[in-house]
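These notes are about the structure you will find just below.
The values are calculated or read from the model by the stated rules, or taken from the named source; none is laboratory data. Source: prediction; values computed, not measured. Cβ sites come from the backbone with ideal geometry, for glycine too, and all protein chains shown count toward neighbours. Note: accessible area is taken over every heavy atom of the protein model, side chains too, but ligands, DNA and RNA are not part of it. Shrake-Rupley method; radii C 1.70, N 1.55, O 1.52, S 1.80 Å.
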Amino acid sequence: TGVCFELQFLGSLLKRWGVLAQLSGREEYKAAKNQLTRRRMSRAQRENMEAIAAAMFEQILGAISKGRDIPRETLRGIVDRSPLTSNEAVSAGLVDGLLYRDGVYRAIAHLVEEGEAAVCPSTTPEAREGAC
């Protein structure tokens, strides 16, 4: 479990349609053209994508670890056991509780009534500035 990417390579399809994508790449690790010119991922592109996915996964782990106060290695073990049931997610500390939609609406309304939360349409200047 972790982060993955799915890329579509159109080189064969375009060739079948008589389309020749004429693109150039500066170096081996410049792979922007690959999806239009190749049938599959190159070794260099795979290395890049794996490095990006690993970095994203580490950032996500770090944010969850900090936000939920779960040690990083404990969190990694939880992720390795995934997928979890909803009750397992609560027990692991990944979520605070389980509610159906109507329960979420009631909880939000209660927080707003108590002044612990504000509801701002995402189009307001306050929302764009993070004030809501």
Averaging sequence separations of C-alpha pairs under 8 Å and six or more residues apart, then dividing by the length of the chain, give the relative contact order as a whole percent. 17 percent
By accessible area of protein heavy atoms, probe 1.4 Å, what ranking do Ser91, Ser65 get, highest first? Ser91, Ser65
Hand me the GluC sites (Glu not before Pro) from the stretch 23-111 located in a DSSP loop with no more than 10 other Cβ atoms within 10 Å, in residue order please. Glu27
Inverting the mean 1/r over all pairs of different Cα atoms, compute the Kirkwood radius of the chain and quote it in Å. 19.5 Å
Only helical DSSP H runs with n ≥ 4 go in: add -39500 (n - 2.57) per run for the chain, normalise by residue count and round the 222 nm mean residue ellipticity to 500 deg cm²/dmol. -15500 deg cm²/dmol
If contacts are Cα pairs under 8 angstrom and at least 6 residues apart, what is the relative contact order of the stretch 10-83 in percent? 22 percent
May I ask you to rank Asp80, Asp69 by accessible area, largest first, using a 1.4 Å probe over the protein chains only? Asp69, Asp80
P(r) for the stretch 10-83, please, calculated from all Cα pair distances in 10 Å bins and given in %. 17, 30, 19, 20, 12, 2
